[in-house]
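The values are calculated or read from the model by the stated rules, or taken from the named source; none is laboratory data. All values reported here derive from a predicted model rather than from experimental measurement. For neighbour counting, all protein chains shown are included, and Cβ atoms are generated from backbone atoms with ideal geometry for every residue, glycine included. Accessible surface areas use protein heavy atoms only, side chains included; no ligands, DNA or RNA. Shrake-Rupley method; radii C 1.70, N 1.55, O 1.52, S 1.80 Å.
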Amino acid sequence: MSQPIKLPKWVDVGVIPALNILAALAVSALVILSLGENPIEALDVMLYGAFGYDEAIGYTLYYTTNFIFTGLAVAVAFHAGLFNIGGEGQAYIGGLGVGLVILALDGLLPWYALLPLAMLGAAVFGGIWAAVPGWLQAYRGSHIVITTIMFNFIASALMVYLLVNVMIKPGQMSPESREFAESAWLPMAHQMFAVIGIDVSRSPLNLSFVLALIASVLVAIFIWRTRWGYAIRTVGRNETAAIYAGIDPKKTIFWTMALSGMLAGMVGINEIMGVQHKLLLNFTAGYGFTGIAVALMGRNHPIGIVLASLLFGTLYQGGAELDFEFEQITRDMVIVIQGFIILFSGALAYMFNPLVARLIGRLMPARG
Amino acid sequence: MTSDHQQSMAGGGEPPAIELKGISKSFGPVQANRNVTLRVMPGTIHGIVGENGAGKSTLMSILYGFYHADAGEILVDGTPVTIASSRAAIDLGIGMVHQHFMLVDTMSVLDNVMLGSEGGALLDKGERAARAELARLSRDYGLTVEPDALVGDLSVGQQQRVEILKALIRGCRILVLDEPTGVLTPQEADRLFEILDALRERGVTIILITHKLREILAATDSVSVMRLGEMVAHRKTPKTSAEELAELMVGRKVLLRVDKPEPKIGETILQADNVTVTDAQDVDRVKAVSFTVHAGEIVGIAGVAGNGQSELLQALAGIQRLSGGSFSINGTRTVSAATPYNPHEARGLGIAHVPEDRHHMGLVTAFPAHENHILGHQDWDQYNNGLLLDREAAIADCAAEMERYDVRPPNPHLPAASFSGGNQQKLVLARELETEPKLLLVGQPTRGVDIGAIEFIHNTLVAMRDQGAAVLLVSVELEEIMSLSDRILVMSDGRIVGEMMAADADPQRIGLMMANISEDDAPQGSPEGDKAA
């Protein structure tokens with residue numbers, strides 16, 4: 001592992017990611033060009049599709065919400081030096097926790113009373129789904145990357161079993177639970193705006209977005225301003241020093257993974273309690289995996305993660321429009337663009353560093 | 001090792017083997033070498049001394065083709081050359097023995113020596129040639145190594161010989177050795193200097209980089225001193241002294257001996273009874289070791305690295321578990337395999353630990369200084385404000401300690417990695433001594449630390465002892481052990497093989513003990529002890 005070149009902070013967190021995204025978009029433009037379509041027009045359509053009208057914005061932010069949760073989950077684990085690839089499964093099982101809580105109580109309690117319980121359900125279920133691989137890593141040396149991937153498959157199989165055989169609504173073909181009582185649904189953005197007299201169109205955006213932003217702030221405080229976050233970062237940076245400091249790396253790994261899984265589980269609040277209002281299959285739709293790219297791009301910092309989530313939300317939402325507008329472009333184009341963005345801001349994250357370092361060296365000759 | 005061989009260096013018209021003229025090199029704003037001039041005469045041993053960061057390594061890296069000088073000229077045998085890569089350096093007959101060996105442990109000596117000069121797709125021919133060459137070299141220079149032994153099985157001294165052989169077999173006439181004795185016993189170091197002597201006799205030019213002035217004085221013909229990137233002096237070795245060289249290196253008068261008052265020995269703080277530590281491979285690293293450390297004394301543990309001192313220190317600090325025996329702290333807490341403690345509890349009992357390896361244990365180098373300042377104290381009330389860490393308290397505390405310990409630059413926000421070795425060590429010391437410990441465990445306190453800081457660190461340790469702390473010092477620097485300790489224990493192969501008062505100690509005797517060759521049972525030198533390290 002070669003040392004990345006040291007750059008001023010604003011370059012590292014501002015200029016470099018922007019350059020990476022531009023490079024990804026440039027390459028994507030070439031692909032669109034080779035399909036015989038106009039890339040400028042495509043960008044225009046995509047941006048309009050993501051931000052052009054309030055329903056579009058609602059969708060964009062709804063996707064953003066999921067990415068923030070899964071991105072935070074990956075980032076927290078990463079600070080302890082752990083690569084949690086299992087956000088997908090943890091989100092899935094977290095959703096199960098949400099569903100079980102609401103199915104049990106939805107007639108009895110209103111949404112605001114249910115929300116803390118549903119969040120607890122998401123945290124416990126998602127947390128356990130990550131803590132088991134964490135335990136295996138800490139005490140048995142099973143590699144976390146392998147076990148979390150395996151747990152994604154287990155989650156998937158478990159959910160199919162439960163929905164097909166146990167939780168399916170009687171007399172129904174599709175493997176879904178019954179719909180929750182409407183009193184248990186999280187308030188939608190358009191409903192909340194209506195209360196203060198602003199009229200916005202209906203979209204899946206709901207209160208979870210606010211929860212995601214709050215979670216980002218809490219994670220930032222936790223990681224950088226508490227002794228537990230300090231312990232996590234110490235273990236991640238230098239396990240030997242952690243032991244020396246009286247920090248138990250094994251316990252730290254276990255609890256960090258649990259926390260990571262709890263955050264991923266919150267996707268269930270947005271999807272199950274906020275949008276779908278029932279348990280169903282595959283509601284995680286790859287958000288857990290995209291969270292890895294989000295965390296990578298956001299440099300594992302909550303501010304970066306919120307911004308990266310917005311970018312990926314834009315791609316998800318705006319990309320869908322591409323499909324409608326252009327004959328030659330299908331929905332898969334979004335995956336291609338995403339792929340390039342992940343390639344340039346993840347795998348090739350430091351590609352532009354030498355170039356920028358030289359440029360800066362020329363523009364700002366040796367200070368001090 | 002004296003003037004008998006100097007006839008070769010006189011030869012009036014002969015050009016220097018290496019001549020550097022006006023070499024400058026900067027990394028960003030840091031000027032590592034400034035207008036450096038150096039003349040090394042053929043067939044001599046030329047020493048280069050200087051503090052860490054004085055630019056010795058950069059200069060040698062330029063000579064070996066790792067870096068390009070921004071300005072200046074290199075002449076080999078009087079001819080100007082450009083050295084673009086280490087390959088070019090090798091072709092010019094320049095060889096380098098690095099401080100950390102560049103050997104493949106799992107391959108044989110022969111394979112290692114051939115690496116990079118295999119001589120064709122099939123190894124057969126090259127192997128025969130290399131074997132013959134090895135035989136010749138070992139005959140000529142006394143560089144005996146078994147060609148088919150695995151490098152990983154050799155002792156450190158032998159591995160170093162393999163490095164030298166590697167250079168010679170590539171036709172090297174100018175050999176650069178970077179801190180070659182750091183890992184050797186005194187006896188092994190003496191063997192090395194005999195080999196260097198033999199090489200010189202046959203016309204090989206040797207550049208010796210070291211910070212040990214004793215070695216410079218014993219082994220070299222001439223010496224150059226670097227300070228802050230510049231060459232500040234050239235001396236003929238017989239015409240200089242350790243005091244003069246130290247002063248040239250640091251730029252001011254330096255006290256090489258530690259002045260300390262008589263110890264005021266107090267009650268027993270640490271009592272170890274048959275302490276045994278077993279590693280993950282089920283090998284006993286510390287074997288039934290018993291000793292005591294009292295308040296107000298410094299007990300030094302001498303030994304070649306890897307003979308159990310590290311494990312002993314870590315066991316006492318609560319990092320490694322005991323597998324047998326016990327030790328008691330202050331007569332109150334007894335720690336054994338059945339009643340272990342951890343570093344957290346150890347700190348609570350008034351134990352401070354300056355670990356041997358500050359990069360891997362004592363610091364999180366990516367963290368800023370103020371976060372390193374609370375390492376191990378992160379749970380303390382003074383650094384916490386309810387749920388949150390009190391960053392301001394940590395920063396203020398760190399800044400105050402940096403002032404007291406003269407850490408430069410005194411900026412608590414800089415990452416620990418950006419401080420020099422000496423300043424990093426002061427950061428660790430500041431943190432550990434802040435607690436006014438009853439028992440201070442110190443490992444290699446001055447490893448990679450420059451002379452100016454060494455003086456400060458030694459004085460600080462003595463001050464701790466005078467305030468009544470019990471100090472247990474582990475160091476591979478025999479001089480350090482001898483000058484700081486009140487009492488000396490010698491460890492070899494996990495056992496304490498000797499104990500003496502510092503006043504009665506002499507380096508030759510301790511050296512023999514370190515190698516586990518005591519006068520009475522000489523043939524029993526344990527092979528395992530040789531391999532470790």
Boolean, residue B:440 is open to solvent by less than 50 Å² (accessible area, probe 1.4 Å) and not in a loop (DSSP other than H, G, I, E, B)
yes
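Give the number of residues within the range B:400-422 that are under 29 Å from the mean Cα position of the chain (by Cα) and either open to solvent by less than 20 Å² (accessible area, probe 1.4 Å) or away from chain A (no Cβ under 14 Å) (or both). Break it down stepwise before answering.
The initial filter retains those residues of the range B:400-422 that are under 29 Å from the mean Cα position of the chain (by Cα), namely B:401-422.
Adding the requirement that they be either open to solvent by less than 20 Å² (accessible area, probe 1.4 Å) or away from chain A (no Cβ under 14 Å) (or both) leaves B:401-408, B:410, B:412, B:416, B:419-422.
Of the residues in the range B:400-422, 15 are under 29 Å from the mean Cα position of the chain (by Cα) and either open to solvent by less than 20 Å² (accessible area, probe 1.4 Å) or away from chain A (no Cβ under 14 Å) (or both).
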Note on residue B:111: of the conditions (1) without any contact (Cβ under 8 Å) to a residue 12 or more places away in the chain; (2) open to solvent by 60 Å² or more (accessible area, probe 1.4 Å); (3) more than 23 Å from residue B:193 (Cβ to Cβ), unmet is (2)
Taking only the range B:5-53 into account, find how many residues are surrounded by 20 or more Cβ atoms within 10 Å (Cβ to Cβ) and either of a type in the set (Phe, Trp, Tyr) or modelled with pLDDT of 80 or more (or both).
19
Kindly indicate the residue of the range A:310-362 that is open to solvent by 50 Å² or more (accessible area, probe 1.4 Å) and within 14 Å of chain B (Cβ to nearest Cβ) and also farthest from residue A:33 (Cα to Cα) among those meeting that condition.
A:362
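Residue by residue, here is whether (1) touching a residue at least 60 places away in the same chain (Cβ under 8 Å); (2) of a type in the set (A, V, I, L, M) holds:
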{"position": "A:240", "(1), (2)": "no, no"}
{"position": "A:253", "(1), (2)": "yes, yes"}
{"position": "A:300", "(1), (2)": "yes, no"}
{"position": "A:309", "(1), (2)": "yes, no"}
{"position": "A:323", "(1), (2)": "no, no"}
Taking the range B:223-241 only, how many residues are within 20 Å of residue B:44 (Cβ to Cβ) and either modelled with pLDDT under 85 or within 20 Å of the chain's Cα centre (by Cα) (or both)?
2
Check on residue A:238, of a type in the set (S, T, N, Q), farther than 29 Å from residue A:50 by Cβ and within 14 Å of chain B (Cβ to nearest Cβ):
yes
Checked the range B:87-108 for anything of a type outside the set (D, E, K, R) and open to solvent by 40 Å² or more (accessible area, probe 1.4 Å); matches are B:92, B:99, B:100, B:101, B:102, B:104, B:106, B:107
Would you say residue B:477 is at pLDDT below 90 and open to solvent by 40 Å² or more (accessible area, probe 1.4 Å)?
yes
The one condition residue B:510 fails out of (1) under 22 Å from the mean Cα position of the chain (by Cα); (2) in a helix (DSSP H, G or I); (3) at pLDDT below 80 is (3)
If residue B:319 meets every condition in (1) open to solvent by less than 20 Å² (accessible area, probe 1.4 Å); (2) at the interface with chain A (Cβ under 9 Å from one of its Cβ atoms); (3) not aromatic (Phe, Trp, Tyr) apart from one, which number is that one?
(1)
Before we move on, is residue A:209 open to solvent by 40 Å² or more (accessible area, probe 1.4 Å), aromatic (Phe, Trp, Tyr) and within 14 Å of another protein chain (Cβ to nearest Cβ)?
no
Within the range B:368-392, considering residues that are in a strand (DSSP E or B) and within 7 Å of chain A (Cβ to nearest Cβ), the one surrounded by the fewest Cβ atoms within 10 Å (Cβ to Cβ)
B:388
Which residue, of B:451, B:395, is in contact (Cβ under 8 Å) with a residue 60 or more places away in the chain, open to solvent by 10 Å² or more (accessible area, probe 1.4 Å) and more than 12 Å from every other protein chain (Cβ to nearest Cβ)?
B:451
Please pick out the residue among A:73, A:23, A:50 that is within 30 Å of residue A:117 (Cα to Cα) and either open to solvent by less than 50 Å² (accessible area, probe 1.4 Å) or in contact (Cβ under 8 Å) with a residue 24 or more places away in the chain (or both).
A:73
Got at least one residue in the range B:252-270 being open to solvent by less than 30 Å² (accessible area, probe 1.4 Å) and assigned to a strand (DSSP E or B)?
yes
What are the residues in the range B:328-367 that are away from chain A (no Cβ under 14 Å), of a type in the set (A, V, I, L, M, F, W, C) and surrounded by fewer than 23 Cβ atoms within 10 Å (Cβ to Cβ), if any?
B:329, B:337, B:338
Let me confirm something: among A:102, A:68, which residue is open to solvent by less than 40 Å² (accessible area, probe 1.4 Å), in a helix (DSSP H, G or I), in contact with a Ser or Thr (Cβ under 7 Å, 6 or more places away or on another chain) and touching a residue at least 24 places away in the same chain (Cβ under 8 Å)?
A:68
Of the conditions (1) out of contact with any strand residue (DSSP E or B) (no Cβ under 8 Å at 6 or more places or on another chain); (2) open to solvent by less than 10 Å² (accessible area, probe 1.4 Å); (3) more than 9 Å from chain A (Cβ to nearest Cβ), the single one that residue B:426 does not satisfy is (2)
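Yes/no per residue for (1) assigned to a helix (DSSP H, G or I); (2) away from chain B (no Cβ under 12 Å):
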site: A:242; (1), (2): yes, no
site: A:247; (1), (2): no, no
site: A:251; (1), (2): yes, no
site: A:256; (1), (2): yes, yes
site: A:263; (1), (2): yes, yes
site: A:270; (1), (2): yes, yes
site: A:273; (1), (2): yes, yes
site: A:288; (1), (2): yes, yes
Breaking point among (1) more than 14 Å from every other protein chain (Cβ to nearest Cβ); (2) β-branched (Val, Ile, Thr); (3) open to solvent by less than 20 Å² (accessible area, probe 1.4 Å), for residue A:200:
(3)
Which residue, of A:226, A:234, is modelled with pLDDT of 95 or more, out of contact with any helix residue (DSSP H, G or I) (no Cβ under 7 Å at 6 or more places or on another chain), open to solvent by less than 20 Å² (accessible area, probe 1.4 Å) and closer than 30 Å to residue B:382 by Cβ?
A:226
Yes/no for residue B:144 being surrounded by fewer than 18 Cβ atoms within 10 Å (Cβ to Cβ), among the β-branched types (Val, Ile, Thr) and either more than 28 Å from the chain's Cα centre (by Cα) or within 30 Å of residue B:477 (Cα to Cα) (or both)
yes
